[in-house]
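Since every read-out is calculated from the coordinates, none of them should be taken as a lab result. Since the structure is predicted, the reported quantities are computational estimates derived from the model, not experimental observations. Here the Cβ positions follow ideal geometry from the backbone for every residue, glycine too, while neighbour counts run over all protein chains shown.
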Amino acid sequence: MSCSDKIAQWQCLSLQGALLSHMIPDPIMFASIIVGDLFDPVDWNAHSARVLAEVVTPNVPVVSAPHAMSWWRGCDTPEYLANGRRQGAAMGKDGTFGPKTWSRISKPRMFELFRSTAATAGVDDLSRRYLDAKEQSAAY
């Protein structure tokens, strides 16, 4: 599935997905779309433009950003990201990026936070595995 197909799917089906639908049943939709530094407007192919034009409303801008910053209300400090990892992250001796380089908004970190939040909200029967927890959700 291409990136534009994923964006189209999220806009049609909502952003919260199976996990968050346990707690937020109403759809969450885009307010804007920010793409990474691999986005090239000159090379933007007809398929991507067509798919996005069909599903994303005209008031949802698509912009390019080479780096990112994540921050939310209640967050002590912003986190600066490059290539999906904490800025300045270095590979370990084994040639991989370890958990210390993961962003606060990475899938593993977000799943940890989701499980904690779900338990606080009384949803305590979730699997410890991401895929299993997704499959536990009801169709929406």
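Structure values in brief
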{"read-out": "Arg85 long-range amide H proximity, modeled H, under 5 Å", "value": "none"}
{"read-out": "Column: log10 I(q)/I(0), Debye, Cα scatterers of the range 67-134, q = 0.12, 0.20, 0.24 Å⁻¹", "value": "-0.42, -0.91, -1.04"}
{"read-out": "Added length on full extension, which subtracts the Cα-Cα distance from 0.36 nm per residue, Asp94 to Arg129", "value": "10.1 nm"}
{"read-out": "Using a Förster distance of 22 Å, the FRET efficiency for Asp76-Lys107 (Cβ separation, nearest 0.05)", "value": "0.50"}
